[in-house]
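> Below is the structure I would like to discuss, written out as structure tokens.
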Amino acid sequence: MPTPSRVVYPDTIEPLVQFIEDTPPAEILDRALEKLRAGVATGTMLTASALAVTRSTEMPPGHHGGPLHPLAGLYAVSKTVERLKGEQRFVPVLQHVALTNKHINHPAMGPYQLLEFAEEDAGGFEAAKAAFLAAVQRGEWNKSDHLFQWIWKNAPPIEAFDMLMSVAIPKNFHDDHYFVFPGTVWRAFESGVLDKALLPVVMRPVVRFVTRSPVAPNNPMPSPIPEIEELIEEHQLLNRILRQRTGEDETTAIGELGEAIGRVDVFAEIPKLMAKALADGLSLEGAGEALSIGAAGLFMRSLGGNPMDVHLHTSINLRRWLLRLDGLSIRNKVLLLLTWQSGPEIRSTATRIEPAPRPDMAAVAKLPARTQDELLDAIAYSIYHQPPTDPSTLTNNLGSMQAVPEVEETVNLATQYVKSGYDPQSFIARLAEIVCHDNFTEMHAFKHHQSIVEEFNATREPWRWMHLVCGARAAAISFGKDMKVYEEYLELLHAA
């Protein structure tokens, strides 16, 4: 066979992609900052970073490494840039470029080259769909990659995406990232962060990841999908006309369902509550909003201290966006609402949770009165002065970490802020600055920040405040774990 050649990008972006691929890790921040200061647009740099991590990193077992988190974080990083001023806008971009460059040079992920693939025509769309589903059953990711090169060219993209999600959503039970990866990358294209002309190549690692079989350790829990299918059948959710859009007439029902979800102790009860609400006439959008309120309530009850345990918010935020997406099948939309609690990253919260309700309003009431600016400074101080973490716990015991008591101080201050009626945009802007410090979570902090902003904006009173408090809680947990990129940026800034 002819010698395979690696993927090559358009001349307008190829040199910048090569720059990110070829620059030594010790030089990447300095030289990338130099290019941004010289006029390279932040969006152009992010596109080059996405293309570099797509072409030059392999996806290792599990979900840490390779292109997954850089691509999944692309939309959130681009939106965070918009909330920052001056050269501070460069920091999220530098975090993304540094992560891409790190993965390219990591022995578990590189050196690697994404090769040009001949598309496989299985005999039309239906035959291609059958071949793809068969490849999924066998975990043949390379086969799926060939098939999808044909599918992207010959079928409406939304149909191809819906087919991909029909596989990804049930696999959410094994790993939240089966759902998160395709959904977040699709959103990057739909929101204009990436040019849709790049879709067939950037979606290649997504297709390969979704196709492959779950890796060890084996999931100790039985799949919830049979019980969810029974709920769908019991309530005839696919045999009735479901209301799509919400309205003011649903406020009471949304609040009651959201608060009920936030009070549960057994997460398996959530799809039962959701299925009944849909059968009783709650709209798909209203159900998503209720689930968002419940997610915020559960996150504030959580004792978890893992800085990557932010999927309660990031997952519902993505689901709510997908529920509004034209062309996604009703079946997939119903499954989105009934599988939220099924992923291991969310299920783990149930083992470390305080009794409802939280936060402690009595403790909040005892706080001294402060002006808006004083309270913003107090919140930032409480985050910046969280107790240091033993580095050994970050690698050996991350999943079982519990939040230190000082996190509750941040939560109480943030609650005082929102309950005082102070400006939410000033609060969001301060959190954006804080989030820029993090490079430990590989984009999780940026994704959570963007999620709480959007959930605050998309959730009605009197529940929307909860999302801002969750943003402060997550920032307190993640701050200080690893800030090498930000610290090096400060050195470069002072040296300029």
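The values are calculated or read from the model by the stated rules, or taken from the named source; none is laboratory data. This one's a predicted model, so the numbers in the text were calculated from it and none came from an experiment. No Cβ is skipped: glycine too gets one built from the backbone with ideal geometry, and neighbour counts run over all protein chains shown. Note: areas computed on protein heavy atoms with side chains; ligands, DNA, RNA excluded. Shrake-Rupley method; radii C 1.70, N 1.55, O 1.52, S 1.80 Å.
> Residues that are over 19 Å from SER315 (Cα atoms), among the charged types (D, E, K, R), open to solvent by 30 Å² or more (accessible area, probe 1.4 Å) and in contact (Cβ under 8 Å) with a residue 12 or more places away in the chain: does segment 434-455 have at least one? Give the steps one after another, and end with the answer.
So the first thing to find is which residues in segment 434-455 are over 19 Å from SER315 (Cα atoms), and the list is 434, 436-440.
Pick out the ones that are also among the charged types (D, E, K, R) and you get 438.
Next, only the ones that are open to solvent by 30 Å² or more (accessible area, probe 1.4 Å) stay: none.
Looking through segment 434-455, none of the residues is over 19 Å from SER315 (Cα atoms), among the charged types (D, E, K, R), open to solvent by 30 Å² or more (accessible area, probe 1.4 Å) and in contact (Cβ under 8 Å) with a residue 12 or more places away in the chain.
> Would you point out the residue of segment 179-198, among those that are aliphatic (A, V, I, L, M) and surrounded by fewer than 20 Cβ atoms within 10 Å (Cβ to Cβ), that is nearest to PRO156 (Cα to Cα)? Let's see the steps before the verdict.
Taking segment 179-198 as the starting set, the residues that turn out to be aliphatic (A, V, I, L, M) are 180, 185, 188, 193-194, 197-198.
Next cut, surrounded by fewer than 20 Cβ atoms within 10 Å (Cβ to Cβ) only: 193, 197-198.
Values: VAL193: 20, ALA197: 14, LEU198: 15 Å.
My answer is ALA197.
> Provide a single number: the residues in segment 94-103 that are surrounded by fewer than 24 Cβ atoms within 10 Å (Cβ to Cβ) and either under 14 Å from ALA48 (Cβ atoms) or acidic (Asp, Glu) (or both). Outline the logic, then answer.
Initially, segment 94-103 is screened for residues surrounded by fewer than 24 Cβ atoms within 10 Å (Cβ to Cβ), giving 98-99, 102.
This time we only want the ones that are either under 14 Å from ALA48 (Cβ atoms) or acidic (Asp, Glu) (or both), so: 98-99.
So the answer is 2.
> Quick check on segment 26-67: of everything there that is acidic (Asp, Glu) and not in a helix (DSSP H, G or I), which residue is farthest from GLN95 (Cα to Cα)?
Of the residues in segment 26-67, the ones acidic (Asp, Glu) are 27, 30, 34, 58.
Adding the requirement that they be not in a helix (DSSP H, G or I) leaves 27, 58.
On the way: GLU27: 14, GLU58: 20 Å.
Per the criteria, the residue is GLU58.
> Quick one: would you say GLU256 is closer than 24 Å to VAL136 by Cα and over 26 Å from the mean Cα position of the chain (by Cα)? Before you say what the answer is, go through the steps one by one.
Working: closer than 24 Å to VAL136 by Cα: no; over 26 Å from the mean Cα position of the chain (by Cα): yes.
Judged against the criteria, GLU256 is not a match.
> Quick check on segment 268-295: of everything there that is in a helix (DSSP H, G or I) and in contact with a Ser or Thr (Cβ under 7 Å, 6 or more places away or on another chain), which residue is most open to solvent (accessible area, probe 1.4 Å)?
Going through segment 268-295, the residues in a helix (DSSP H, G or I) turn out to be 268-279, 284-295.
Filter once more, keeping what is in contact with a Ser or Thr (Cβ under 7 Å, 6 or more places away or on another chain): 285-286, 289, 292-293.
Values: GLU285: 34, GLY286: 0, GLU289: 7, SER292: 0, ILE293: 4 Å².
Per the criteria, the residue is GLU285.
> What's the number of the only condition in (1) open to solvent by 30 Å² or more (accessible area, probe 1.4 Å); (2) assigned to a helix (DSSP H, G or I) that PRO220 fails to meet?
Among (1) open to solvent by 30 Å² or more (accessible area, probe 1.4 Å); (2) assigned to a helix (DSSP H, G or I), PRO220 violates only (2).
> Conditions first: (1) under 20 Å from LEU335 (Cβ atoms); (2) in a loop (DSSP other than H, G, I, E, B); (3) within 26 Å of the chain's Cα centre (by Cα); (4) of a type outside the set (Gly, Ala, Ser). ARG240 passes all but one, so which condition is the exception?
Unmet condition: (3).
> Among the residues of segment 195-217 satisfying the criterion of being in contact (Cβ under 8 Å) with a residue 60 or more places away in the chain, touching a helix residue (DSSP H, G or I) at 6+ places or on another chain (Cβ under 9 Å) and not in a helix (DSSP H, G or I), which is farthest from PHE173 (Cα to Cα)?
Of everything passing the filter in segment 195-217, ASP195 is farthest from PHE173 (Cα to Cα).
> Given the options GLY43, GLY39, GLY86, name the one that is of a type in the set (Gly, Ala, Ser), open to solvent by 10 Å² or more (accessible area, probe 1.4 Å) and in contact (Cβ under 8 Å) with a residue 12 or more places away in the chain. Before the answer, list the steps.
Working: GLY39 fails: in contact (Cβ under 8 Å) with a residue 12 or more places away in the chain; GLY86 fails: in contact (Cβ under 8 Å) with a residue 12 or more places away in the chain.
GLY43 is the lone residue from the list that is of a type in the set (Gly, Ala, Ser), open to solvent by 10 Å² or more (accessible area, probe 1.4 Å) and in contact (Cβ under 8 Å) with a residue 12 or more places away in the chain.
> Collect the residues in segment 403-417 that are part of a helix (DSSP H, G or I) and either of a type in the set (D, E, K, R) or open to solvent by 30 Å² or more (accessible area, probe 1.4 Å) (or both), keeping them in residue-number order.
Taking segment 403-417 first, the residues part of a helix (DSSP H, G or I) are 406-417.
The answer is GLU406, GLU408, GLU409.
> Check whether at least one residue in segment 24-36 is open to solvent by less than 50 Å² (accessible area, probe 1.4 Å), under 22 Å from GLY192 (Cβ atoms) and β-branched (Val, Ile, Thr), and report yes or no.
Of the residues in segment 24-36, the ones open to solvent by less than 50 Å² (accessible area, probe 1.4 Å) are 28-29, 32-33, 36.
Next, only the ones that are under 22 Å from GLY192 (Cβ atoms) stay: 36.
Then drop every residue that is not β-branched (Val, Ile, Thr), which leaves none.
No, that holds for no residue.
> Also: So, in segment 325-369, how many residues would count as being β-branched (Val, Ile, Thr), at pLDDT below 95, assigned to a helix (DSSP H, G or I) and open to solvent by 10 Å² or more (accessible area, probe 1.4 Å)? Full working, then the answer.
Pass one, segment 325-369, residues β-branched (Val, Ile, Thr): 330, 334, 339, 346, 349, 351, 353, 364.
Within this subset, residues satisfying the condition of being at pLDDT below 95 are 346, 349, 351, 353.
Among the residues that remain, those that are also assigned to a helix (DSSP H, G or I) are: 346, 349, 351.
Adding the requirement that they be open to solvent by 10 Å² or more (accessible area, probe 1.4 Å) leaves 351.
Qualifying residue count, segment 325-369: 1.
> Please verify whether SER302 is over 27 Å from ALA160 (Cβ atoms) and touching a residue at least 40 places away in the same chain (Cβ under 8 Å), treating the condition exactly as stated. Can you show your working first?
Values: over 27 Å from ALA160 (Cβ atoms): yes; touching a residue at least 40 places away in the same chain (Cβ under 8 Å): yes.
For SER302, the condition - over 27 Å from ALA160 (Cβ atoms) and touching a residue at least 40 places away in the same chain (Cβ under 8 Å) - is met.
> Would you check which residues across segment 9-49 are under 28 Å from the mean Cα position of the chain (by Cα) and within 19 Å of PHE117 (Cβ to Cβ) and list them?
Hits for segment 9-49 are TYR9, GLU14, VAL17.
Conditions (1) assigned to a helix (DSSP H, G or I); (2) surrounded by 24 or more Cβ atoms within 10 Å (Cβ to Cβ); (3) touching a Cys at 6+ places or on another chain (Cβ under 9 Å), marked per residue:
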site	(1), (2), (3)
HIS69	yes, yes, no
VAL77	yes, yes, no
PRO92	yes, yes, yes
PRO107	no, no, no
GLY110	no, no, no
ALA118	no, no, no
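> Ok, one more. Have a look at GLU256, GLU250, GLU233, GLU269 and point out the one that is more than 30 Å from ARG464 (Cβ to Cβ) and either touching a residue at least 12 places away in the same chain (Cβ under 8 Å) or not basic (Lys, Arg) (or both). Step through it out loud before you land on a result.
Values: GLU256 fails: more than 30 Å from ARG464 (Cβ to Cβ); GLU250 fails: more than 30 Å from ARG464 (Cβ to Cβ); GLU269 fails: more than 30 Å from ARG464 (Cβ to Cβ).
None of the others qualify; the one that does is GLU233.
> Turning to a different aspect of this structure: Going by the conditions given, is MET401 on the phi < 0 side of the Ramachandran plot and modelled with pLDDT under 95?
Yes; evaluated as a whole, the condition is true for this residue.
> While we're here: Give me a count of the residues in segment 467-492 that are open to solvent by 20 Å² or more (accessible area, probe 1.4 Å) and either under 18 Å from LEU303 (Cα atoms) or aromatic (Phe, Trp, Tyr) (or both).
The total comes to 3.
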